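Structure first, commentary second.
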Amino acid sequence: METEKLHIIQKVWVNACRFLLGITFIFSGFVKAVDPLGSFYKIQDYMTAFGIISWFPSYLPLFIGIILSAVEFSVGVFLFLGIRKNTASVLALLLMGVMTPLTFYLALANPVSDCGCFGDAWVLTNWQTFGKNIVLLIAAISVFKWKELLIRFITVKLEWMVSMYTFLFVFVLSFYCLGHLPILDFRPYKIGTNIREAMEIPKGAKPSVFESRFIMEKNGKRQEFTLENYPDSTWKYIETRTILKEKGYEPPIHDFSMQSLETGEDITDSVLMDKDYTFLLVAPRIENADDSNIDLINEIYDYSMEHGYGFYALTSSPDSEIELWRDKTGAEYPFCQMDDITLKTIIRSNPGLMLIKDGTILNKWSDNQLPDEYVLSDSLDKLELGKQKQVSDLNTIGYVFLWFIIPLMMVIGLDILVIRRREKKRQTAANSKS
């Protein structure tokens with residue numbers, strides 16, 4: 001009797017652990033899959049913090065990010081449905097066995113601000129992440145130890161179909177979002193956001209104090225400068241960094257600052273208060289930007305000049321790289337310097353295009369989705385393009401969920417109506433013969 005009671009307790013416990021792990025891995029894998037470049041940037045941060053970024057090819061962080069999201073999502077689905085028990089339990093234990101000590105080190109040394117385990121959808125501190133991983137590690141050990149007690153929802157004969165579809169789904173999702181833009185935008189620069197209002201600090205709140213630092217080079221020597229001691233033109237600009245000097249209330253957007261390359265002036269306010277349309281071409285590192293659609297970008301610039309709209313290119317690259325870009329592409333648009341991390345946060349494309357009006361983000365396009373001359377057929381106030389794009393995260397999640405769940409439900413229906421009935425008939429026939 002005691003043994004049976006213990007067995008029931010173990011079964012309830014291990015299935016509770018299995019659902020906890022399954023939901024966590026599905027969520028973690030999904031938010032990484034919809035923002036593969038976000039995972040790429042975070043893994044780059046890790047490699048830079050550990051001093052190994054130069055050891056590997058530049059594409060490796062992106063490859064790791066896509067594989068990691070696929071593994072996490074698939075393991076989560078396997079655990080949730082109770083299929084591939086050995087594979088799922090081993091991978092879950094392996095992931096938590098690696099991530100738990102890693103996040104403990106991150107909590108102690110703090111080389112990166114957050115682990116990025118849930119992308120930008122849910123940002124945790126390093127200590128919060130370590131606490132979460134302790135719970136998940138206990139759950140993973142339990143599932144690995146008592147995996148035979150996991151309740152199966154799909155028979156063995158059809159689990160291969162679910163496994164293949166799960167891998168295919170998450171890979172297609174990742175590459176779609178990589179070629180376009182994330183279908184869900186968890187960052188502060190999402191469509192509909194008024195940048196100026198998102199930078200405001202409530203009355204009475206103590207603001208954080210930031211400082212822009214400029215890395216300059218002269219005679220082979222690099223040195224940091226601020227706006228107060230900005231050097232003369234004999235120094236060559238390398239990059240800009242935004243440093244937090246004093247922590248206070250931090251508005252959703254706190255690092256949007258446009259420094260005109262031509263005049264050296266901060267033109268942020270004039271751009272954000274412009275009542276007319278402004279195109280912002282965002283290229284975090286212009287030397288790495290895709291130039292395959294540069295003719296279309298130049299056409300958009302000509303269109304903006306024809307209709308009196310603002311057009312600025314935002315980058316963190318040094319003057320020399322900007323000049324190379326101008327020589328290579330014939331670009332005539334003005335450039336502004338901005339923090340590299342800010343640019344990567346604004347849009348997940350290099351280059352990417354953003355349309356704003358009176359400080360509000362109306363639309364964003366990846367390099368593969370730029371509007372062409374057939375779309376830009378009139379002034380923006382007369383075009384659908386000039387209106388704020390309507391985005392509903394709830395509808396998007398529901399749409400993606402249906403794409404995954406409907407084929408899955410068809411498989412489960414086939415399993416219940418056909419496979420299990422056949423097995424039951426065979427079992428009944430075998431029992432009658434005996």
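The values are calculated or read from the model by the stated rules, or taken from the named source; none is laboratory data. Note that the structure is a prediction, hence the values are computed from the model and not measured. Note: ideal-geometry Cβ built from the backbone for every residue, glycine included; neighbour counts use all protein chains shown.
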Pairs returned, first residue in the range 46-72 that is over 19 Å from Val112 (Cα atoms), second residue that is hydrophobic (A, V, I, L, M, F, W, C) and modelled with pLDDT of 85 or more, beta-carbon separation under 7 angstrom, 6 or more apart or interchain, are Ser69/Ala33; Ser69/Val170; Ala70/Phe167; Ala70/Val170; Ala70/Phe171; Val71/Leu91; Glu72/Phe25
In the range 1-43, anything modelled with pLDDT under 90, of a type in the set (Ser, Thr, Tyr) and more than 30 Å from Ser58 (Cβ to Cβ) is listed as Thr3
Of the residues in the range 313-323, those that are out of contact with any helix residue (DSSP H, G or I) (no Cβ under 7 Å at 6 or more places or on another chain) and either assigned to a strand (DSSP E or B) or modelled with pLDDT of 90 or more (or both) come to Ala313, Glu323
Restricted to the range 128-150 and to residues being of a type in the set (Phe, Trp, Tyr) and within 29 Å of His7 (Cβ to Cβ), the residue surrounded by the fewest Cβ atoms within 10 Å (Cβ to Cβ) is Trp146
Within the range 85-127, the residues that are among the polar types (S, T, N, Q) and either within 20 Å of the chain's Cα centre (by Cα) or surrounded by fewer than 16 Cβ atoms within 10 Å (Cβ to Cβ) (or both) are Asn86, Thr87, Thr103, Asn110, Ser113, Thr125, Asn126
Looking across the range 44-84 at residues that are of a type in the set (Val, Ile, Thr) and under 18 Å from the mean Cα position of the chain (by Cα), the single one that is surrounded by the most Cβ atoms within 10 Å (Cβ to Cβ) is Ile66
Residue hits (the range 315-366; free of Cβ contacts under 8 Å to residues at least 12 places away in the same chain, within 19 Å of Asp302 (Cα to Cα) and acidic (Asp, Glu)) are Asp327
Of the residues in the range 262-312, those that are of a type in the set (A, V, I, L, M, F, W, C), free of Cβ contacts under 8 Å to residues at least 60 places away in the same chain and either in a strand (DSSP E or B) or outside the structural domain of Thr345 (by TED's automatic domain parsing) (or both) come to Phe311
Going through (1) touching a helix residue (DSSP H, G or I) at 6+ places or on another chain (Cβ under 6 Å); (2) on the phi > 0 side of the Ramachandran plot one by one, Gly264 fails only at (1)
The helices (runs of 4 or more DSSP H) lying entirely within the range 1-100 that contain at least 3 residues which are among the polar types (S, T, N, Q) and under 30 Å from Gly179 (Cβ atoms) are 36-49
Residue within the range 296-309 that is within 29 Å of the chain's Cα centre (by Cα), over 30 Å from Ala205 (Cα atoms) and modelled with pLDDT under 90 present: no
When Lys425 is run through (1) charged (D, E, K, R); (2) surrounded by 11 or more Cβ atoms within 10 Å (Cβ to Cβ); (3) at pLDDT below 70, the failure sits at (2)
Would you say Ile361 is surrounded by 17 or more Cβ atoms within 10 Å (Cβ to Cβ), modelled with pLDDT of 80 or more, of a type in the set (A, V, I, L, M) and closer than 22 Å to Ala331 by Cβ?
-> no
Qualifying residue in the range 194-206 (condition: at pLDDT below 85, of a type in the set (D, E, K, R) and over 34 Å from the mean Cα position of the chain (by Cα))
no
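Return the residue satisfying two criteria in turn: it lies in the range 259-279 and is hydroxyl-bearing (Ser, Thr, Tyr) and surrounded by fewer than 16 Cβ atoms within 10 Å (Cβ to Cβ), and of such residues it is farthest from Pro334 (Cα to Cα). Show your work before the answer.
Step one: of the range 259-279, the residues hydroxyl-bearing (Ser, Thr, Tyr) are 260, 263, 268, 270, 277-278.
If we keep only those that are surrounded by fewer than 16 Cβ atoms within 10 Å (Cβ to Cβ) as well, we get 263, 270.
Working: Thr263: 10, Ser270: 15 Å.
So the residue we want is Ser270.
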With the first residue restricted to the range 367-386 and required to be of a type in the set (Ser, Thr, Tyr), and the second required to be surrounded by fewer than 17 Cβ atoms within 10 Å (Cβ to Cβ), Cβ contacts under 7 Å at 6 or more apart or on different chains are Ser379/His307
Can you confirm whether Ser142 is at pLDDT 90 or above, closer than 25 Å to Cys177 by Cβ, over 17 Å from the mean Cα position of the chain (by Cα) and in a helix (DSSP H, G or I)?
no
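Is at least one residue of the range 150-161 outside any helix (DSSP H, G or I) and farther than 20 Å from Asn15 by Cα?
Checking the range 150-161: not a single residue is outside any helix (DSSP H, G or I) and farther than 20 Å from Asn15 by Cα.
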